[in-house]
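The values are calculated or read from the model by the stated rules, or taken from the named source; none is laboratory data. On a predicted model such as this, the values are computed, not experimentally measured, just so you know. FYI the Cβ positions are ideal-geometry reconstructions off the backbone, even for glycines, and counts take in every protein chain you see. Areas reflect the complete protein model, heavy atoms only, side chains present, ligands, DNA and RNA absent. Shrake-Rupley method; radii C 1.70, N 1.55, O 1.52, S 1.80 Å.
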Amino acid sequence: MFSYDYSFDSIDADSPTFSSQEKIFKNLGSDVLKAAFYGYNACVFAYGQTGSGKSYTMMGNKVDKGLIPRICEELFLEISSRSDSMSFQMEVSYLEIYNERVQDLLRKKLPCSEGGVLKVREHPTDGPYVENLSKHVVLSQSNVESLITLGNATRTIASTSMNDFSSRSHTIFTIIFTQGWFDGELPHERHSKIQLVDLAGSERADGTQAMGTRLKESANINKSLVTLSSVISALGKFSLINKLASSRAG
Ligand SMILES: Nc1ncnc2c1ncn2[C@@H]1O[C@H](COP(=O)(O)OP(=O)(O)OP(=O)(O)O)[C@@H](O)[C@H]1O
Ligand SMILES: [Mg+2]
């Protein structure tokens, strides 16, 4: 049994139940914005079978923008309405995990032997991070959109028999959002990290008729999705144990 918070219909744009990208942003993106202003980290990821519309929902295209550009746009709008009393900074980074290797999408792609593969490390207080991943300060929506265009052009996509523009890598678009203000003479800062993830889709080799490079990618995609589901299931058990422990303590 599964339960869903939302179910979106995107089959026929003329149908009264059709969910536009705007509606999806209103339902899913506005909580991310709220979290960012409160100083919480937030993460949204698109998970599902190949061709199901993950990249379309997260990124969209120039005329029908997805969640990522809409979240950035709304952040800038909100910032401009609050910037009398506070200062804000937005930095973005964009990476892909292709065949289990992490690569920066906002820097020229280098071969593995020349440092093109980045390492994931664990910081004692800040948690996991990607070493040497480039961060870019963005001052306007057009800055963000240029970086998105650059990253998307670098991302590995390929045609399969189930999707002409199939993502062959997982991507993480990160916004590091900093708010600064003065309480009397005292300066304060609040940071939050928004991670927007577009996973590569699960696929069956006979469905996509993958061979050679596509088959190797497909095996790595499925392997990492299985690992992700183990992580989610472990986190789910952990939160259930915590809930039980706190209800017993109560
Ligand atoms: N809501 C939508 N409205 C119009 N077209 C859509 C919508 N969702 C998906 N599509 C179209 O369906 C096709 C597959 O979508 P998309 O590439 O987003 O799938 P995906 O889940 O990212 O697949 P993969 O796992 O292979 O990357 C694309 O041509 C995309 O333009
Ligand atoms: Mg995709």
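Brief remarks on what is shown
- Of all residues in the range 208-228 being part of a helix (DSSP H, G or I) and hydrophobic (A, V, I, L, M, F, W, C), the one that is surrounded by the fewest Cβ atoms within 10 Å (Cβ to Cβ): 226
- Residue within the range 108-124 that is assigned to a strand (DSSP E or B), touching a residue at least 24 places away in the same chain (Cβ under 8 Å), open to solvent by less than 60 Å² (accessible area, probe 1.4 Å) and out of contact with any Ser or Thr (no Cβ under 6 Å at 6 or more places or on another chain) present: no
- Some residue of the range 89-96 being modelled with pLDDT of 95 or more, within 16 Å of ligand 1 (Cβ to nearest atom) and of a type in the set (A, V, I, L, M): no
- Matching residues, the range 56-75, being open to solvent by 20 Å² or more (accessible area, probe 1.4 Å), within 14 Å of ligand 1 (Cβ to nearest atom) and touching a Gly at 6+ places or on another chain (Cβ under 8 Å): 56, 57, 59, 60, 70
- Residue ID - farthest from ligand 2 (Cβ to nearest atom), chosen from residues in the range 34-44 that are of a type outside the set (S, T, N, Q), over 20 Å from residue 6 (Cα atoms) and open to solvent by 30 Å² or more (accessible area, probe 1.4 Å): 38
- Residue in the range 232-248 that is assigned to a loop (DSSP other than H, G, I, E, B), over 27 Å from residue 44 (Cα atoms) and open to solvent by 70 Å² or more (accessible area, probe 1.4 Å) present: no
- In the range 156-196, of all residues being open to solvent by less than 20 Å² (accessible area, probe 1.4 Å) and among the aliphatic types (A, V, I, L, M), the one that is nearest to ligand 1 (Cβ to nearest atom) corresponds to 158.
- So residue 83, is it open to solvent by 50 Å² or more (accessible area, probe 1.4 Å) and not hydrophobic (A, V, I, L, M, F, W, C): yes
- Boolean, residue 106 is within 16 Å of ligand 2 (Cβ to nearest atom), modelled with pLDDT of 95 or more and touching a helix residue (DSSP H, G or I) at 6+ places or on another chain (Cβ under 8 Å): no
- All positions within the range 127-155 that are part of a strand (DSSP E or B) and open to solvent by 20 Å² or more (accessible area, probe 1.4 Å): 128, 129, 130, 136, 137
- Check on residue 47, of a type in the set (Phe, Trp, Tyr), farther than 29 Å from residue 80 by Cβ and either open to solvent by 100 Å² or more (accessible area, probe 1.4 Å) or touching a Cys at 6+ places or on another chain (Cβ under 7 Å) (or both): yes
- If the condition is being closer than 19 Å to residue 196 by Cα and aliphatic (A, V, I, L, M), then the range 119-163 contributes 120, 130, 133, 137, 138, 144, 147, 148, 150, 153, 157.
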